[in-house]
Amino acid sequence: MDMLSILIVAGILVLCLLSVGIGMRRTLDKRAVDIQRTDPETARALREARRNIDQGRGLYRR
């Protein structure tokens, strides 16, 4: 493969990863809104999980 092909493939991979990341964030927000009335505690936990992801925190709090 020449350099241009490698750059095109890398660009496509980056765009795919961005779309997955944005989709996951929207999913957490949408779920929090959907269950706010029935289970506010879980909705709060989902919003906190999204904030932790945005701040780069993983499974373990730092």
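Listing for the model above:
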{"quantity": "Largest-first principal axis extents, alpha carbons of the chain, Å", "calculated": "55, 28, 12"}
{"quantity": "Solvent-accessible area, 1.4 Å probe, carbon plus sulfur percent, for the chain", "calculated": "64"}
{"quantity": "Dipole in debye (nearest 20) - the chain, about Cα centre, beta carbon charges: Lys, Arg +1; Asp, Glu -1", "calculated": "340"}
{"quantity": "Cα lying deepest toward the dipole's positive end in the chain, options Gly11, Gly56, Ile35, charges on Cβ", "calculated": "Ile35"}
{"quantity": "Theoretical ellipticity at 222 nm over the chain - DSSP helices of four or more residues, -39500 (n - 2.57) apiece, nearest 500", "calculated": "-26500 deg cm²/dmol"}
{"quantity": "Accessible area per residue, Å², region 1-56 with all protein chains present, probe 1.4 Å", "calculated": "83"}
{"quantity": "Whole-Hz couplings from phi, Karplus 6.51/-1.76/1.60, listed for region 28-36; x for Gly and Pro", "calculated": "4, 5, 5, 5, 4, 5, 5, 9, 4"}
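The values are calculated or read from the model by the stated rules, or taken from the named source; none is laboratory data. Worth saying up front: this structure is predicted, and the values here are computed from it rather than measured. Quick reminder, even Gly has a Cβ in these numbers, built from the backbone with ideal geometry, and neighbours come from all protein chains shown. Surface areas here come from the heavy atoms of the whole protein model, side chains and all, with no ligands, DNA or RNA. Shrake-Rupley method; radii C 1.70, N 1.55, O 1.52, S 1.80 Å.
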